[in-house]
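Computed from the coordinates by the stated procedures, all read-outs in this text should not be read as laboratory data. In this text, all values refer to a predicted model and were calculated from it rather than measured experimentally. Every residue, glycine among them, receives a Cβ derived from its backbone with ideal geometry; neighbour counts consider all protein chains shown.
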Amino acid sequence: MHPALTYPPDHDRLFKLLPYVIQRRDSEQGWPLRALLQVINEQVDLLEVDCWQRYENWFIETCEPWVVPYIADLIGHQAIGEAADAEQDAGSAARNAVLLPRREVAHTLGYRRRKGTLQVLMDLVRDVAGWPARAVEAAHWLAQTPSVRMPPAQLHGTADLRDIAKLSRLGSAFDTLTHSNDVRRSPSHHQRGRWGRDSVDLFLWRLQASSVTRAPAACLEQVGPHCYTFSVLGNDAPLFNHPRHEGPISNCHMPGELDVPQALSRRLFAAPAQAGEHIQHPSPDYYGLGTSADGRTIAQSVAIWASGWPDPKIETHGPIPASSIIVADLDGWQYQPPRNHIALDPERGRIAFPPRQLPKRHVLVSYYHGTCADIGGGEYPRELLQHPDAIVLRVNGAEALHNALEPWLASSLKDTQASQPQHAVIELEHSGVYAQPIHIKLAAGHTLQLRAASGARPVLRLLDWQVDRPDNMVIDGEAGSRFTLDGILLAGRGLQVQGPMASVSIRHSTLVPGWSLEPNCDPKRPSEPSIELIDSSACLIIEHSIVGSIQVNNDEVTTDPISILISDSIVDATGANCENTQCEAIGASGSRLAFAHTRILRCTVIGRVMTHAIDLAEDSLFMGRVTVARRQIGCMRFCYVTPGSRTPRRYECQPDGVEASVENSTRPDADKDAAKEVERLRVRPVFDSTRYGTPTYARLAPHCARAITNGAHDESEMGVYHDLYQPQRMRNLRQRVDEFSPAGAQVGIVLAN
């Protein structure tokens, strides 16, 4: 590395090159020469860094993002879409990275040399779209009469109905059954034909497997003390496989079931039963501990710890051995494992102990669950922000958290808040559960950040501690104070903000919609808000988070409207019917308007929005009526707005666009009203799931209208997953696949999850 690029920079680099006698004379005169050389050294460093970067820009691996299109032009690489100005904002740079991926440019020459091979198609998917893929040639699995003179190496007969393993893979990327010839085209958008002689299917896995490491399992006491779930919220959640190959698959290796982020079925998770055994144990490929690429000890896909079980007198430190685990169907919790064994259902994320052999200590689990993107907190990497003068207090455990919060707890305050540091960060280091009442009192001008450490997902669980008062997490601050919640999962109760604070920020966190979940992911308290502002002037900032409904209960006579800024987040009022009066994503108690100026960017809002004004709404989905008091303020751009809403002026929104198309058509006037209603229903967003806790939560369904999936200002999808740029990735992939497909092959793209 060049000396000018080292950190911290050496400001005396030039001064140290002088002879010692000159340095000594300069020290006797008060260092005037040293100060001059430090100023010169700054400019020398800038010049050397610029020269060094110009050298790095000759190579695709080290060049700056703006150089990638120029290198692509030198090798004849044709970009599919028109790139935006990367200097405008971070969003333009992210879009350019999708339209012109650095990896694709780097591998273009290699693709041309291997054009027409299956491996190129799979590498293209990873480089162009960033998804793991598997290519399947249908011709190898077609039923055909073999030649007596040249018998094939592997004979394919009719399906063996006794082979459960093969039948369970039917229709998947790993289907090995024999099929009859299908004359329909594989890339057809109407009726896809999978098993044609010239068909090649590209299976894509869009979900990602997100890790949870050594977190407490949830005991379902209402069902039985022996019943547990992997999810700390007590809901059923399928476990996912942790892909073994994070990078490109080598030419000699076809991606297998261990290499893709798919949900674990009982058949896949279980090892083959030994002769004479009637129970199945987990496969060592999925259960137990392994080593990551950087040398860390991690779970293969699933691991369970129960210290002191089955014998409380014996202290155990490793996970429960696979020989003590039975893979079973725990639907209805009917199955009871034999003594010294536990049952595990990977399809539901359930654990069952013997009713007469319960664990006496903590039950910890490591596992992977499916997510669409890195939002709402988790063990994914994220940028940690803090005040430059803040002190950082790292804690582990509920008692340590209580001690760290002592200067800010309202119950512990003495006469003043003199013991509070002016700027502080409390960092939770592990993915544990912290159950304690929290009432924070901030002094004027102070800041406090409660955050998760990088690679951790702590849970704040608020219980029903008090009989005569609410048990919300309360943030009460004086003028100029600021509070930040970063990387935290808050369950059991909501967040209550009081006092004349400057701001409350929620980053990469989840405030569970409905406070907690039933086993089927239904909310337990669907009408309760996740955030409540009571007589507070705080600016509410929500970024990359999942929250329930927001209520603003302020005096509208003596105070000004507060500001609510929401970006890249989900606001979920949990109502199945978004027109229900109690299904308010943003509002005030009594179905009143929230006294707030709201700004919503790239969000999915499930429920009604009732606010004083919307300054700007862009690239968002509003799945309930929007009602504002001041329509002359603000603008809504490239959004879906439920019909019947009262909004500020709208630009390129839906269903306004399709209604205008019908109005300008040549249809008879008598038919236009019916046609508009049909178009409104056609463009209404359709989701794979609207329940928090499911892997496809708030993701647009594949059959959703293109006016929604390509309706954002940059032709990406509307809603919280806008920045994934999935429409652009899919369009780029289709064109590249057509370019590099084998001659005569019909390549179809299949979404595996």
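With 0.36 nm allotted per residue and the present C-alpha distance subtracted, the Asp73-Glu315 stretch has 80.7 nm of extension available.
For the range 521-594, the relative contact order is 34 percent, taking Cα pairs closer than 8 Å that sit 6 or more residues apart in sequence and dividing their mean separation by the residue count. Taking other C-beta atoms within 10 Å as the exposure proxy, Arg507, Arg266, Arg682 rank Arg682, Arg266, Arg507 from fewest upward. Multiplying the residue separation of Gln334 and Glu406 by 0.36 nm and subtracting their alpha-carbon distance yields 21.3 nm.
Evaluate E = 1/(1 + (r/R0)^6) for Leu751 and Val392, where r is the Cβ-Cβ distance and R0 equals 56 Å; express this FRET efficiency to the nearest 0.05. It would help to have the intermediate numbers written out before the result.
Details: r = 43 Å, r/R0 = 0.77.
After rounding, the FRET efficiency stands at 0.85.
Got a sec? Charge dipole of the chain, +1 on Cβ for Lys and Arg, -1 for Asp and Glu; which of Ala660, Gln119, Val21 is way out at the positive end? The listed residue farthest towards the positive side: Gln119. The aspartates and glutamates within cross-link reach of Lys672, meaning a Cα-to-Cα straight distance under 19 Å and a gap of 8 or more places when in the same chain, are Asp656, Glu659, Glu663. For the range 634-753, a crude dipole built from +1 on the beta carbon of Lys and Arg and -1 on the beta carbon of Asp and Glu, taken about the Cα centre, is about 280 debye to the nearest 20.
Quickly estimate the mean residue ellipticity at 222 nm for the chain, helices only: each DSSP H run with n ≥ 4 gives -39500 (n - 2.57), and the total goes over all residues, rounded to 500.
-5000 deg cm²/dmol
Only aspartates and glutamates eight or more places from Lys441 in sequence, or on another chain, were considered; those with a Cα closer than 16 Å are Glu406, Asp415, Asp471, Asp476, Glu478, Asp535.
Remark on the range 491-622: hydrodynamic radius 14.4 angstrom, per the Kirkwood mean of 1/r across alpha carbon pairs. The ellipsoid equivalent to the alpha-carbon distribution of the range 432-531 has semi-axes of 23, 17, 12 angstrom, derived from the gyration tensor eigenvalues as √(5λ) and listed largest first. Taken over the range 677-731, the alpha-carbon convex hull comes to 86 cubic angstrom per residue.
For the range 391-603, a crude dipole built from +1 on the beta carbon of Lys and Arg and -1 on the beta carbon of Asp and Glu, taken about the Cα centre, is about 420 debye to the nearest 20. One equal scatterer on each Cα of the range 472-531, no solvent, Debye formula: the resulting log10 I(q)/I(0) at q = 0.13 Å⁻¹ is -0.38. Ranked by how many other Cβ atoms sit within 10 Å of their own Cβ, fewest first, the residues Asp329, Asp723, Asp555, Asp26 fall in the order Asp555, Asp329, Asp26, Asp723.
Of the residues Pro272, Phe595, Thr447, the one whose Cα sits farthest toward the positive end of the charge dipole of the chain, with +1 on the Cβ of Lys and Arg and -1 on the Cβ of Asp and Glu, is Pro272. The slack between Thr291 and Gln735, meaning 0.36 nm per residue of separation minus the straight C-alpha distance, is 156.0 nm. Considering only His612, Cys539, Asn554, the residue lying farthest towards the positive end of the dipole of the range 513-646 is His612, judged by Cα position with unit charges set on Cβ.
Convex hull over the Cα atoms of the range 118-228, averaged projected area in nm²?
Values: hull surface 51.1 nm².
That works out to 12.8 nm².
When +1 charges are put on Lys and Arg Cβ atoms and -1 charges on Asp and Glu Cβ atoms, the dipole computed for the range 334-392 relative to its Cα centre reaches about 660 debye. Look at His446, His317 and count the other Cβ atoms within 10 Å of each Cβ; fewest to most, that gives His317, His446. Between the C-alpha center of the range 680-753 and that of the range 621-636 there is a gap of 27 Å.
Rounded to the nearest 5, the antiparallel percentage of DSSP beta bridges internal to the range 528-634 is 5%.
For the range 391-603, the calculated P(r), taken from all Cα-Cα distances in 5 Å bins from zero up to the bin holding the longest distance, is 1, 7, 15, 20, 21, 18, 11, 5, 2, 0 percent.
Could you work out the relative contact order of the chain, using alpha carbon pairs under 8 angstrom and six or more residues apart, expressed as a whole percent? Rounded, it is 10 percent for the chain.
Taking every Cα-Cα distance in the range 353-413 and sorting them into 5 Å bins starting at zero, the pair-distance distribution P(r) comes out as 3, 10, 11, 13, 16, 15, 14, 9, 5, 2, 1 percent. What is the Cα centroid distance between the range 4-61 and the range 451-511, reported in whole angstrom? First find each Cα centre; the distance between them is then 47 Å. Of all DSSP beta bridges confined to the chain, the antiparallel ones make up roughly 25%.
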